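Only one structure is covered here, and it is reproduced in the block below.
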Ligand code: NDP
């Protein structure tokens, strides 16, 4: 017997999630503010509730995937959450997740927070590598692990309700740094007779080759010794900064993306950390 569940929110992500549960044979009750989006799923076997409250009443396991935390508040305001296992896959901050967990507990519900590391086309495609971070009571996660693993992978990251969001935002922040670096790289060749499509595979391979450096960083943060196993020390790297800034200037490219990182490297060097790795920049960021 497949666990029956309720899903509130049938946007791009909610609809993708819903299809996988229906395809796997889970009895599914859905609700969406705009009813038309639910009708499409009714044809695939979903039970469509008239209201969010009715949808919540239908099953113990209630998953919400709405636009933001404010919409979660709005949608669940009129529902009786007593005895529900609420799983919130709406993206938010760690503080919002923690507050939402307390809010749910006050209303008699158990609460898991989720951070989706996938885009809708990756849902239901195990080989896509997508997954959802979960945080909250571990026994609650274990109880629903099988059902939650239907749409995509699962990674449990701790009892603190805010940890799923924190991991989500941490990974996406690193992604934006990576996009920023790639943007600068493409800008450098923009006015030249170099096909961006010839740079792209080089960039992709280089980013992958450099990615394992994060393990090294983690080891240094653990030991507190930022000179441990240093390959390219800060003094050498700071000496190279003019090469990057001058090249940018010569290519007519703004240094506004790379500049702040270089500034932090220089500040760390000025503190006398020339023999260290760039790991010390992290300490400058943490206020
Ligand atoms: P969509 O914009 O496609 O859908 C938003 C959903 O929220 C719709 O069901 C919408 O209802 C509903 N909604 C918005 N405001 C309200 C409200 N005030 N009251 C009731 N319902 C409301 O977003 P997604 O489905 O793509 O995203 C859902 C969540 O998943 C977000 O938190 C997003 O950050 C997260 N996510 C999305 C990813 C993506 O690539 N799409 C990737 C990872 C996470 P209606 O149909 O009536 O407008």
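Would you calculate a helix-derived [θ] at 222 nm for the chain, using -39,500 (n - 2.57) for each DSSP H run of n ≥ 4 and dividing by the full residue count, to the nearest 500? Don't skip to the answer; put the middle values down first.
Numbers: 13 runs with 145 residues, N = 287.
Taken over the chain, the calculation gives -15500 deg cm²/dmol.
Taking a spot 7 Å from the Cα of residue 236 along the direction of its beta carbon, which residues of the range 265-286 have an amide N less than 15 Å from it?
Hits in the range 265-286 for residue 236 at 15 Å: 274-279.
Taking 8 Å as the Cα distance limit and 6 or more residues as the minimum spacing, I'd like the relative contact order of the chain as a percentage.
12 percent
How far, in degrees from 0 to 90, does helix 241-250 lean away from the longest principal axis of the Cα atoms of the chain, to the nearest 10?
Here the helix axis deviates by roughly 80 degrees.
What is the distance in Å between the Cα centres of the range 1-35 and the range 218-241?
48 Å
Given the Cα-Cα distance of residue 204 and residue 270 and 0.36 nm per residue of separation, how much length would full extension add, in nm? Don't skip to the answer; put the middle values down first.
Details: separation 66, 0.36 × 66 = 23.76 nm, distance 3.30 nm.
Length gained between residue 204 and residue 270: 20.5 nm.
Can you tell me how much longer the chain between residue 215 and residue 251 gets when fully stretched, taken as 0.36 nm per residue apart minus their C-alpha distance, in nm with one decimal? Don't jump to the answer; show the numbers that get you there.
Values: separation 36, 0.36 × 36 = 12.96 nm, distance 3.36 nm.
Contour length minus the Cα-Cα distance gives 9.6 nm.
Would you mind checking the tilt of helix 94-106 against the longest principal axis of the Cα atoms of the chain, expressed as 0 to 90 degrees and rounded to 10?
20 degrees
Using only C-alpha atoms and all pairs of different ones, pull out the Kirkwood radius for the range 217-287 in Å with one decimal. Write down the numbers at each step before the final one.
Working: mean 1/r = 0.0779 Å⁻¹.
Hydrodynamic radius (Kirkwood, Cα only) of the range 217-287 equals 12.8 Å.
What FRET efficiency would be calculated for the residue pair residue 93, residue 159, taking the C-beta separation as r and a Förster radius of 22 Å, to the nearest 0.05? Present the calculation step by step, with values, prior to reporting the outcome.
Numbers: r = 18 Å, r/R0 = 0.82.
My answer for the efficiency is 0.75.
Please pull out the direction-averaged projected area of the range 5-165, using the convex hull of its alpha-carbon atoms, in nm² to one decimal place.
On the way: hull surface 31.7 nm².
The directionally averaged projection comes out at 7.9 nm².
In Å and from the alpha-carbon atoms only, list the Rg and Dmax of the range 84-203.
18.6, 64
If each residue of separation counts as 0.36 nm, what is the full-extension length gain between residue 244 and residue 178 once their alpha-carbon separation is subtracted?
Numbers: separation 66, 0.36 × 66 = 23.76 nm, distance 1.67 nm.
Computed gain between residue 244 and residue 178 is 22.1 nm.
Could you tell me how many degrees, from 0 to 90 and to the nearest 10, lie between the Cα long axis of helix 12-23 and the main elongation axis, the longest principal axis, of the Cα atoms of the chain?
50 degrees
Ranked from highest to lowest mean number of other Cβ atoms within 10 Å per residue, what is the order of the peptides 113-121, 234-242?
On the way: 113-121: 20.9, 234-242: 15.1.
So the order, starting with the most tightly packed, is 113-121, 234-242.
If the convex hull of the alpha-carbon atoms of the chain is projected onto planes in all directions, what is the mean projected area in square nanometres? Intermediate results must be reported in sequence, preceding the final value.
Numbers: hull surface 74.5 nm².
Taking the Cα atoms of the chain, their convex hull projects to 18.6 nm² on average.
In whole Å, what are the Cα extents of the range 193-254 along the three principal axes, biggest one first?
Result for the range 193-254: principal-axis Cα extents of 46, 26, 17 Å.
Each reported figure results from applying straightforward, stated rules to the coordinates on display, with no laboratory input. Note that the structure is predicted; figures quoted are calculated from it, not measured. Backbone-built Cβ (ideal geometry, glycine too); neighbour counts: all protein chains shown.
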